[in-house]
1. Would you mind telling me which numbered condition in (1) open to solvent by 10 Å² or more (accessible area, probe 1.4 Å); (2) modelled with pLDDT under 65; (3) at positive phi G242 fails?
2. Restrict the check to the stretch 341-356 and report whether at least one residue is of a type outside the set (G, A, S), within 30 Å of L173 (Cβ to Cβ) and at pLDDT 90 or above.
3. So if I check each of I296, I309, which one is exposed (fewer than 15 other Cβ atoms within 10 Å of the Cβ), hydrophobic (A, V, I, L, M, F, W, C) and within 30 Å of R80 (Cβ to Cβ)?
4. Does the stretch 353-364 include one or more residues that are within 19 Å of the chain's Cα centre (by Cα) and either surrounded by 15 or more Cβ atoms within 10 Å (Cβ to Cβ) or not small (G, A, S) (or both)?
5. Before we move on, is D188 of a type in the set (D, E), within 23 Å of the chain's Cα centre (by Cα) and at pLDDT below 80?
6. For the stretch 360-404, enumerate the residues that are of a type in the set (K, R) and closer than 16 Å to E330 by Cβ.
7. Looking only at the stretch 261-278, count how many residues are of a type in the set (F, W, Y) and open to solvent by 30 Å² or more (accessible area, probe 1.4 Å).
8. Looking for something within 15 Å of L249 (Cα to Cα) and open to solvent by 10 Å² or more (accessible area, probe 1.4 Å) - is there at least one such residue anywhere in the stretch 162-181?
Amino acid sequence: MLRSVSTGVLIAGSTLGFCYFSRSSFDSNSWVSFADAPNGATWAPDSVADQFEHGIPDKKSKYLFGESYRRRVFFNYEKRIRLQSPPEKVFDYFASYRTPEGDVLMTPGDLMRALVPVFPPSGSNRVREGSLRGEWVKPGELHCPPSKFFMLFDTNNDGLISFPEYIFFVTLLSIPESSFSVAFKMFDLDHNGEIDREEFKKVMTLMRSQNKQAARHRDGLRLGLKVADPVENGGLVEYFFGQDGKTCLKHDTFVQFLRDLHEEILKLEFSHYDYKVHGTISAKDFALSLVASADISDISKLLDRVDEIDKESHLKDVRITFEEFKSFAELRKKLQPFSLAIFSYGKVNGVLTKKDFQRAASKVCEVSLTDNVVDIIFHVFDTNRDGSLSSDEFVKVVQRRERDESQPKAESKGLISCLLSCAAK
């Protein structure tokens with residue numbers, strides 16, 4: 001419900017739901033927060049309401065709406081936050097660490113959730129992944145070893161990510177892997193095979209201007225985030241160029257860093273769904289990761305298909321390993337030639353079977369997909385259950401994820417044009 005309720009509360013109810021109005025305070029997020037409200041709760045001022053608000057109890061409670069419905073409500077809300085809100089709000093919503101001094105910081109898991117649309121794991125009792133200011137929601141812990149990768153450029157060894165570092169990650173993750181080497185060459189403005197600190201900062205500034213999230217930041221001032229250093233002086237710059245800023249960055253180091261960054265985000269996403277630390281994730285969780293990038297208008301019907309997995313005897317007990325998860329991520333990166341292959345084959349033959357799908361991935365993209373992975377994909381995207389993939393729907397969902405992660409501005413010329421423009425200057 002609302003985070004602050006003082007006086008003048010009016011509640012009207014029916015079998016479908018109820019409407020809430022407060023004369024003293026109104027929050028545009030009230031309708032989303034309402035999905036957290038337990039059935040039979042009595043409304044009270046903040047000090048009392050905080051005792052039951054938003055925490056997911058160990059003992060299952062009765063809610064006005066079912067858990068599946070509430071998860072969908074919050075997922076759509078968080079998806080809109082990632083895509084439409086300024087970076088300060090995204091950072092503040094998903095960051096789970098607050099210092100006594102008021103600093104807001106992210107864990108690596110928070111960073112992943114801010115960048116990647118994820119559902120709460122099917123084996124958990126969570127319904128959402130972030131919180132608004134003034135709320136208390138226990139952060140979803142990733143039950144995995146501390147990230148050695150993020151500790152490499154953690155200048156104060158606290159394992160946390162500041163707002164400037166968040167902006168850097170958003171910008172770097174917008175570079176597709178196919179453009180890593182091209183990006184380096186564009187960074188290398190004097191063509192000596194190395195990048196110095198000033199070259200790097202110059203191009204990063206321009207790249208941020210072409211990224212929907214990074215371009216809209218105001219150094220944390222929108223929400224009063226405490227930012228000690230500007231974005232250009234984050235821990236990543238020190239990691240690349242040393243404390244004195246005189247170390248030069250070489251091509252292989254830069255390309256490997258970007259690959260490691262993308263893979264670390266993927267590992268964190270897998271760990272998110274591996275809620276009970278089995279080392280594998282369920283077929284349902286893999287399916288959730290597939291459909292999470294779909295357009296909001298298509299999410300409901302796709303989730304209905306995901307929920308049907310529990311009724312499928314050949315799928316409900318299937319477990320997906322990280323290697324299988326990673327192989328599908330590799331296929332996403334090669335979506336353009338893969339989609340051309342499956343569309344062409346489908347038009348010629350009329351149907352696209354599971355074996356055709358695997359063959360296209362192997363021969364065209366050199367990616368090996370297991371039968372389990374393909375079975376789950378076809379369960380979700382074989383809309384009429386005729387054994388043939390609905391290629392349009394599958395490609396639309398996968399393509400949207402790649403597009404959302406790069407988050408270019410609609411009016412921009414694109415990453416490569418941006419880099420070429422900077423080099424020309």
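1. (2)
2. Scanning the stretch 341-356, I find no residue that is of a type outside the set (G, A, S), within 30 Å of L173 (Cβ to Cβ) and at pLDDT 90 or above, so the answer is no.
3. I296
4. There is no residue in the stretch 353-364 that is within 19 Å of the chain's Cα centre (by Cα) and either surrounded by 15 or more Cβ atoms within 10 Å (Cβ to Cβ) or not small (G, A, S) (or both).
5. So D188 does not fit the description; no.
6. Those that are of a type in the set (K, R) and closer than 16 Å to E330 by Cβ: K363, R401.
7. Result for the stretch 261-278: 1.
8. There is at least one residue in the stretch 162-181 that is within 15 Å of L249 (Cα to Cα) and open to solvent by 10 Å² or more (accessible area, probe 1.4 Å).
The values are calculated or read from the model by the stated rules, or taken from the named source; none is laboratory data. All values derive from a computational prediction rather than experimental measurement. Virtual Cβ from ideal backbone geometry, glycine too; neighbours counted across all protein chains shown. Remember, those area values only see protein heavy atoms, side chains included, never the ligands or the DNA or RNA. Shrake-Rupley method; radii C 1.70, N 1.55, O 1.52, S 1.80 Å.
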